[in-house]
Amino acid sequence: MNSYVLIFVGVIFSVIGQLLLRKSSLVKTNSVVLLYSNVFALCGYLFMAVSTILNVLALREIEIKELIFIFPLNYILVPILAIYFFDERIEKVQISGMLFVFFGSIVFNSGKLFL
């Protein structure tokens, strides 16, 4: 499988894992053990572990400097999807942070993007 496909699938798994962990934090319980071992949390941990494995496999063939543009998608996609799935509000500071990450990635990789 193409290493770039592995990275994108890894990012998607990471986003899903983070959303599942967020969902697990909404489960009401008095037990710390139940809080961290409910179905949403366990699935979230599984998605994060698969994401890590996919990233490591992809990094065997691609240098990390080529992937710096792809990894920050987590910081942009998770808040946007949290708005949709959890009705969360995003403040101006968070929006400016996402834009900062996005444009920073573009500036950092401008040599690869525009040449």
*asked:* What are the ³J(HN,Hα) couplings of the range 18-31, residue after residue, when phi is run through the Karplus curve with 6.51, -1.76, 1.60 and θ = phi - 60°? Round to Hz, x for glycine and proline.
replied: 5, 5, 5, 5, 5, 4, 5, 6, 8, 6, 7, 7, 9, 9
*Lys, Arg +1 and Asp, Glu -1 on Cβ, resulting dipole of the chain about Cα centre, debye, nearest 20*: 160
*Take the chain, connect every pair of alpha-carbon atoms lying under 10 Å apart with a spring to form a Gaussian network, then pick out the residue of GLY17, GLY44, GLY97 with the largest mean-square fluctuation.*
GLY97
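Would you mind ranking SER14, SER3 so that the residue whose beta carbon has the fewest other beta carbons within 10 Å leads the list?
Least crowded to most crowded, the residues run SER3, SER14.
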*Which value in deg cm²/dmol, rounded to the nearest 500, describes the helix-derived mean residue ellipticity at 222 nm for the chain, given -39,500 (n - 2.57) per DSSP H run of n ≥ 4 and division by the residue count?*
-23500 deg cm²/dmol
*With θ set to phi - 60° and the Karplus curve 6.51 cos²θ - 1.76 cosθ + 1.60, what are the ³J(HN,Hα) couplings of the range 39-45 in order, to the nearest whole Hz, using x for Gly and Pro?*
4, 5, 5, 4, 5, x, 4
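Against the globular-protein guess of 2.2 N^0.38 Å, express the Cα radius of gyration of the chain as a ratio, rounded to two decimals.
On the way: Rg = 16.3 Å, N = 115, 2.2 N^0.38 = 13.4 Å.
Normalised by 2.2 N^0.38 Å, the Cα Rg of the chain equals 1.22.
What number comes out for the charge environment of LEU59, summing +1 per Lys or Arg and -1 per Asp or Glu over other residues with Cβ under 13 Å away? Show your work: numbers first, answer last.
Working: positive: ARG60, LYS65; negative: GLU61, GLU63, GLU66.
Net local charge, LEU59 excluded: -1.
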_Residue among ASN38, ASN30, ASN55 with the largest mean-square fluctuation in a Gaussian network model of the chain, springs linking Cα atoms under 10 Å_ = ASN30
_Can you give the FRET efficiency to the nearest 0.05 for SER37 and ASN2, using r as the Cβ-Cβ distance and R₀ = 35 Å?_
0.45
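Since every read-out is calculated from the coordinates, none of them should be taken as a lab result. Source: prediction; values computed, not measured. Glycine also receives a Cβ, built like all others from the backbone with ideal geometry; neighbour counts cover every protein chain displayed.
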